[in-house]
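Let me begin by presenting the structure, written as structure tokens, before commenting on it.
Every number here is computed from the coordinates shown, using simple stated rules; none is lab data. Fair warning: this is a prediction, and the values are worked out from it, not measured in the lab. Neighbour counts run over all protein chains shown; Cβ positions are idealised from the backbone, glycine included.
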């Protein structure tokens, strides 16, 4: 007997409803035609999506988040790909410690990272700058970029590389023409997951962002602190749409459970 | 240089990892060390931060009952959140695992997807559902006859635990899910064929095998809940402070950075000790499962 009984199915249904409810309610309220928070009972309206246009700080924050996410994920990969190759291919003393250090931003609370970066960048004279945000985001997305690249590098067929070497390819050519194309799916998925992490981070970024470098989550958070109105739900609905698109692409190309479970972990 | 030759070269892995290593030492380890240092500095309303070595902030945290209450609340919320995710997430992972392929991946997407959706948006959803005394949740519960008077969710620990449990649930489901993947379905069938009922099978066969998954999920959920910021800040409001929101206040409102650094350092040390300690316990207890 491997079937789920009626009681378990009721539990499952309630569970799924509760998991989806907060996200659905945000998306529904975003379409309200009223001037206050309410579920759209008399017709759907796009007025609160149009209203975003009147708040340039949200638009600006969106571009900051987008640029920050794209750039910091790319930079993280520049560091992570060679590091992943080192960890995947060599057995050397200090390998485990190195892997642990590279994955440590997952363990350290983001509030602690935010404070540490605020202190550090303020002393370095970079407080509130976009450069400081980029460097901080490279650190927090690094583990995600590393894990997926590592999984690809570990599962790679080395014989293709050996064939290329026997044909005279070496160094940079070998990497660019053989190794990189082989690990590319892992690298791209690593970039996408890193992008989502950067795009969504609030806790660390809230310490570093200054007016002008506020990211979308920070702008939304500060807005909610003052008041909750339908405007912030329509902004949230847009954010959810962006993330869902990235999510569906990730699922299609790589498999969501593989991405999230981080298979090919260095642990153990 | 060829890759084959690299493998005999002891320096090659270090050369490859060097840029990342320098980045981590320069922009992670040094700032963390600076934060620990900062917690020993002095601070005054008018003089600002004074780089001296004193125990003032640590003494204040140790003696002022406000901090004991705040850390108590932080860990109480984290423990309740962990229990709630374990009690609901583990059965759900088990149910999911028994579903057919297509339904399984559909529901997995619904349950794990929120993991990647902005915490601000998800918490906003809960704020809308709770919304004062005539929020949707209260209306639903009252019309269903479950409660007679509205339960205050906003600005209460109850609301914080519910919203946090929702935010953390995917981690628990994932962790139990991973444990279930290692489980041989034939064992369950064997138990049934030997006359064990469904409850006995779950209690004696399934539970012991997914326990490591539940526990490692619990460690993740606990450490993330204890250091959560967005959900406690939005649902808890300005009055119900937890460690992360208090540190935020000290840094960006009061500007007493040394005290904020001490709160953050204490949180970090406490979490590292709890996580490393319970990991070691679990791995010793379930050594055979991890092999």
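Structure above, values below:
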{"read-out": "Over chain B: helical MRE at 222 nm, DSSP H runs n ≥ 4 each giving -39500 (n - 2.57), nearest 500", "value": "-22000 deg cm²/dmol"}
{"read-out": "Chain A: calculated mean residue ellipticity at 222 nm from DSSP helix runs of at least 4, using -39500 (n - 2.57)", "value": "-23000 deg cm²/dmol"}
{"read-out": "FRET efficiency estimate (nearest 0.05) - Cβ-Cβ, residue B:60 to residue A:180, R0 51 angstrom", "value": "0.40"}
{"read-out": "Kirkwood hydrodynamic radius of the range A:1-48, from inverse mean 1/r over distinct Cα pairs, in Å", "value": "12.9"}
{"read-out": "FRET efficiency estimate (nearest 0.05) - Cβ-Cβ, residue A:253 to residue A:42, R0 45 angstrom", "value": "0.60"}
{"read-out": "Volume per residue that the Cα convex hull of the range B:68-290 spans, once the total is divided by residue count, Å³", "value": "153"}
{"read-out": "Relative packing of peptides B:30-41, A:143-154 - highest average C-beta neighbours within 10 Å first", "value": "A:143-154, B:30-41"}
{"read-out": "Cα centroid of the range B:190-257 to Cα centroid of the range B:147-165, whole Å", "value": "17"}
{"read-out": "Spin-label pair residue A:24/residue A:229, simplified geometry with 7 Å Cα→Cβ offset, distance in nm", "value": "2.8"}
{"read-out": "Difference of contour (0.36 nm per residue) and Cα-Cα distance, residue B:37 to residue B:182", "value": "47.7 nm"}
{"read-out": "Ratio of Rg to Rh over the protein assembly as shown (Cα coordinates, Kirkwood Rh, two decimals)", "value": "0.97"}
{"read-out": "Average partner coverage of A:28-40, which counts Cβ from other chains inside 10 Å", "value": "1"}
{"read-out": "Label point 7 Å beyond Cα of residue B:30 along Cβ direction - residues of the range A:114-132 with amide nitrogen under 16 Å", "value": "A:116-127, A:132"}
{"read-out": "Average projected area [Cα convex hull, the range A:55-261], square nanometres", "value": "13.5"}
{"read-out": "Separation of the residue B:11 and residue B:104 label points, Cα + 7 Å toward Cβ, nm", "value": "5.0"}
{"read-out": "Cut-off 15 Å (backbone N to label point 7 Å along Cα→Cβ of residue B:45), residues of the range B:243-269", "value": "B:254-256"}
{"read-out": "Inter-probe distance in nm under a simple model that places probes 7 Å from Cα toward Cβ, at residue A:100 and residue B:199", "value": "4.5"}
{"read-out": "Inter-chain shielding of B:252-261 (mean C-beta neighbours from other protein chains, 10 Å cut-off)", "value": "2"}
{"read-out": "Relative packing of peptides A:57-69, B:227-239 - highest average C-beta neighbours within 10 Å first", "value": "B:227-239, A:57-69"}
{"read-out": "Contour excess over end-to-end distance, with Cα ends at residue B:158 and residue B:79 and 0.36 nm allotted per residue", "value": "27.2 nm"}
{"read-out": "Euclidean distance of C-alpha centroids, the range B:95-110 and the range A:150-168, integer Å", "value": "35"}
{"read-out": "Gap separating the Cα centres of the range A:16-92 and the range A:197-251, nearest whole Å", "value": "5"}
{"read-out": "Length added when fully stretched, residue B:284-residue B:253, from 0.36 nm per residue minus Cα-Cα", "value": "6.7 nm"}
{"read-out": "Shape box of the range B:173-229 [Cα atoms, principal axes, largest first, Å]", "value": "50, 18, 12"}
{"read-out": "Peptide A:80-87, shielding by other chains (average Cβ, 10 Å cutoff)", "value": "5"}
